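Novice: Before I ask anything, let me first share the structure, which is written out below as structure tokens.
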Amino acid sequence: MTPLSHRLRHAIDSVASAGFQLSRDAFEFLSTLHDQEVDKWIQETLRKASQMSPKPLVITKDFLSVKTSIEPESSPVSSVAVARVPATDIPSRIEVVLDSINSIASKAVLIRS
């Protein structure tokens, strides 16, 4: 889990202080933005939400994208291909480096009477 940036933390505080809640998808959307964009999105969203009647209780991603006139800056997207390979298809590479049976074996003698 990555730590929250200062701007994102400040944005969440601003939303809560204004009396709104931030949905999970809105939070995930804001966390994809650059720090400079987060402030713009939150200011615009809070301005529009405050003017609505009745005011929304929760700010969702749909509300963010529909109610704001700001377009997110495009950022390069990196993708990683993930292939699932069954464990039976991976060859085992087991090598005994040290046989410690002689060093940990007990040298004690058991005497029965």
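Novice: Which of the peptides 29-35, 83-89 is most tightly packed, and how do the rest follow, judged by the mean count of other Cβ atoms within 10 Å per residue?
Specialist: Packing proxy ranking, top to bottom: 29-35, 83-89.
Novice: Right, here's the next one. Multiply the residue separation of Thr88 and Ser65 by 0.36 nm, subtract the distance between their alpha-carbon atoms, and state the gained length in nm to one decimal.
Specialist: Value of the extension gain: 3.6 nm.
Rule-based calculations on the coordinates, nothing more; no lab input. Since the structure is predicted, the reported quantities are computational estimates derived from the model, not experimental observations. Please note: Cβ atoms are built from the backbone with ideal geometry, for glycine as well, and neighbour counts cover all protein chains shown.
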